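So the structure is just underneath, and the comments pick up after that.
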Amino acid sequence: MSDAIACIGSGLIGRAWAIVFARAGHDVRLWDENADAPDAARAFAAEMLPELEKLGLIDCSASDALARITPVTTLEEALDGAIHVQESTFERLDVKREVFARLDAIAAPDTVIASSSSALLPSAISEGLEGRHRCMVNHPINPAYLVPAAELVPAPWTDQGLLDRTATMLRAAGMRPIVMQREVDGFVMNRLQGALLHEAFRLVEAGYASAEDVDIGLREGLALRWSFIGPFETIDLNAPGGVRDYVDRYAGIYTDMAAQLGVDWSGEVLDRIETERRAALPEDALATRQAWRDRRLMALAAHKARAAKDIGD
């Protein structure tokens, strides 16, 4: 069928993608080198989909979504008529390159081939392939059927039209793609997480705070806001005049830390960030958005309290 998607690799990542695509109405073919893995992935979907239906997290019935997931025994079956291939095999470059070469030889010319790789650059995976223009990374934040962010990373030769098409397809499937302009080691999420983890380890290693205290700082502090607004919107809402006002007021606090990290908060980068923020939220709407943020924080706090009572800490 024209809307079919092939999930190549049926482990933790592949089975999550199968749920994402099936609940969005795509026919999903599951394939894996391990012949037992596709059936196990479908069994996992059969267990999870009713829970998602119960929580209102799918727009169809669990049985309808499950009926769209089909284990297959050959790559040819998986790729027949597929508009998109989501590769989720072992995270090793030689494995990815071999699999991509096989996929490129079989898939139709306009079929996108995307890897779920969390660290390998798409250029390294697809270099030398005849169809390298349709190759990219589509890295989910596990589990993809619960966490909508996914990193779309082009190689230098990836066709922009196919990248845009994939982003549109993901949005229609309920995902929130991060469409990168070019590749970089670690993509976006691992670089952000890595910077945070580096400082978390440093604070503990130097005896400034315990691991639990650092976790409290995120769990009961920054993460409450970050669960629905990002760091740029956070600081944009934390000063009366927005992001530039915040930098003018508070950047000095971070001067020593920024120097250690080689970061300059001023100049061109601030101009770019402020331009993006003002396009997303005019300055005269900051107070309204701040009130919205506070209502969201109240709702999130109430949810956490109910969850702690019903489920436990």
- Rounded FRET efficiency, nearest 0.05, which uses the C-beta distance separating Ala307 from Ala239 and R0 of 30 Å: 0.40
- Task: Send over the per residue convex hull volume for segment 109-228, Cα only, as a whole number of Å³.
- Result: 112
- Task: Just report the Cα centroid separation between segment 196-215 and segment 33-104, whole Å.
- Result: 39
- Wrap a convex hull around the Cα atoms of segment 177-286, take a quarter of its surface area, and give that in square nanometres. 8.3
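With a 10 Å Cβ neighbour count serving as the proxy for reagent exposure, in which order, fewest first, do His26, His198 appear? Don't jump to the answer; show the numbers that get you there.
On the way: His26 23, His198 11.
Listing His26, His198 from fewest to most nearby Cβ atoms yields His198, His26.
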- Note on the structure: The convex hull of the Cα atoms of segment 4-64, divided by residue count, gives a volume in Å³ per residue of 66
- Task: Just flag the chymotrypsin sites (Phe, Trp or Tyr not before Pro) in segment 83-189 sitting in loop per DSSP whose Cβ has no more than 16 other Cβ atoms within 10 Å.
- Result: Phe90, Trp157
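Can you pull the Rg over Rh of segment 4-179, Cα-only, Kirkwood?
Values: Rg = 14.8 Å, Rh = 15.7 Å.
Across segment 4-179, the Cα-based Rg/Rh ratio is 0.94.
Could you give the length gained by full extension between Glu212 and Asp3, i.e. 0.36 nm per residue of separation minus their alpha carbon distance, to one decimal place? Walk me through the intermediate numbers first.
Details: separation 209, 0.36 × 209 = 75.24 nm, distance 4.68 nm.
Full extension from Glu212 to Asp3 adds 70.6 nm.
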- Size of the dipole of the chain about the Cα centre, Lys and Arg at +1 and Asp and Glu at -1 on the beta carbon, nothing else charged, in debye to 20? 720
- Task: Mind telling me which of Ala285, Ala107, Ala167 comes out most flexible in a GNM of the chain, alpha-carbon contacts under 10 Å?
- Result: Ala285
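If we count every other residue with Cβ under 13 angstrom of Val153's Cβ, Lys/Arg +1 and Asp/Glu -1, where does the sum land? Working shown, then result.
Details: positive: Arg182, Arg191; negative: Glu151, Glu183, Asp185.
Result for the neighbourhood of Val153: -1.
Please find the FRET efficiency linking Leu192 to Ala67, where r is the Cβ-Cβ separation and R0 is fixed at 41 Å, and quote it to the nearest 0.05.
Values: r = 38 Å, r/R0 = 0.93.
Plugging the Cβ-Cβ distance into 1/(1 + (r/R0)^6) gives 0.60.
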- Task: Choose one answer from Val214, Val137, Val188: the residue with the largest mean-square fluctuation in a GNM of the chain with alpha-carbon springs under 10 Å.
- Result: Val214
- Query: For the chain, what percent of Cα pairs sit more than 31 Å apart?
  - Reply: 42
- Item | Summed side-chain charge close to Val95 - residues other than Val95 whose Cβ falls under 13 Å, Lys, Arg +1, Asp, Glu -1 | -2
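Where does the charge balance sit around Ala279 when Lys and Arg score +1, Asp and Glu -1, over other residues with C-beta under 13 Å from its C-beta?
Working: positive: Arg272, Arg277, Arg278; negative: Glu233, Asp236, Asp271, Glu274, Glu276, Glu283.
Here the charged neighbours net out to -3.
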- Query: Spin-label point model (7 Å from Cα, Cβ direction): what's the Thr74 to Asn34 distance in nm?
  - Reply: 2.4
- Note on the structure: Fewest to most Cβ atoms within 10 Å: Met48, Met136, Met189 sort as Met189, Met48, Met136
- Item | Amide H within-cut-off set for Glu87, under 5 Å, with H built and near neighbours excluded | Ile8, Ala114, Ser115, Ser116
- Taking a straight Cα-to-Cα line shorter than 19 Å from Lys54, and setting aside same-chain aspartates and glutamates fewer than 8 residues away, one finds Asp64, Asp310
- Query: What does the charge dipole of segment 189-310 about its Cα centre add up to, to the nearest 20 debye, if the Cβ of each Lys and Arg holds +1 and the Cβ of each Asp and Glu holds -1?
  - Reply: 600
- Message: Compute the angle between helix 93-106 and the longest alpha-carbon principal axis of the chain, please, reported from 0 to 90 degrees and rounded to the nearest 10.
- Response: 50
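To make sure I understand, if each residue's beta carbon is the centre and we count other beta carbons within 10 Å, what order do Cys135, Cys7 fall in, fewest to most? Please report the intermediate quantities before stating the final value.
Numbers: Cys135 27, Cys7 33.
The most exposed by this proxy come first: Cys135, Cys7.
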- Item | Candidates Glu127, Glu276, Glu91, ranked by Gaussian network fluctuation over the chain, Cα under 10 Å, top entry | Glu276
- Task: Place a label point 7 angstrom from the Cα of Ala280 along the Cα-to-Cβ direction, then list the residues of segment 210-232 whose backbone nitrogen is under 15 Å away.
- Result: 225-232
- Item | Computed E for Arg219/Cys60 - FRET, C-beta separation, R0 35 angstrom, nearest 0.05 | 0.55
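The numbers here are math on the coordinates, done by the rules we state, and not lab data. The model shown is predicted, which means the values in this text are computed figures rather than measured ones. FYI the Cβ positions are ideal-geometry reconstructions off the backbone, even for glycines, and counts take in every protein chain you see.
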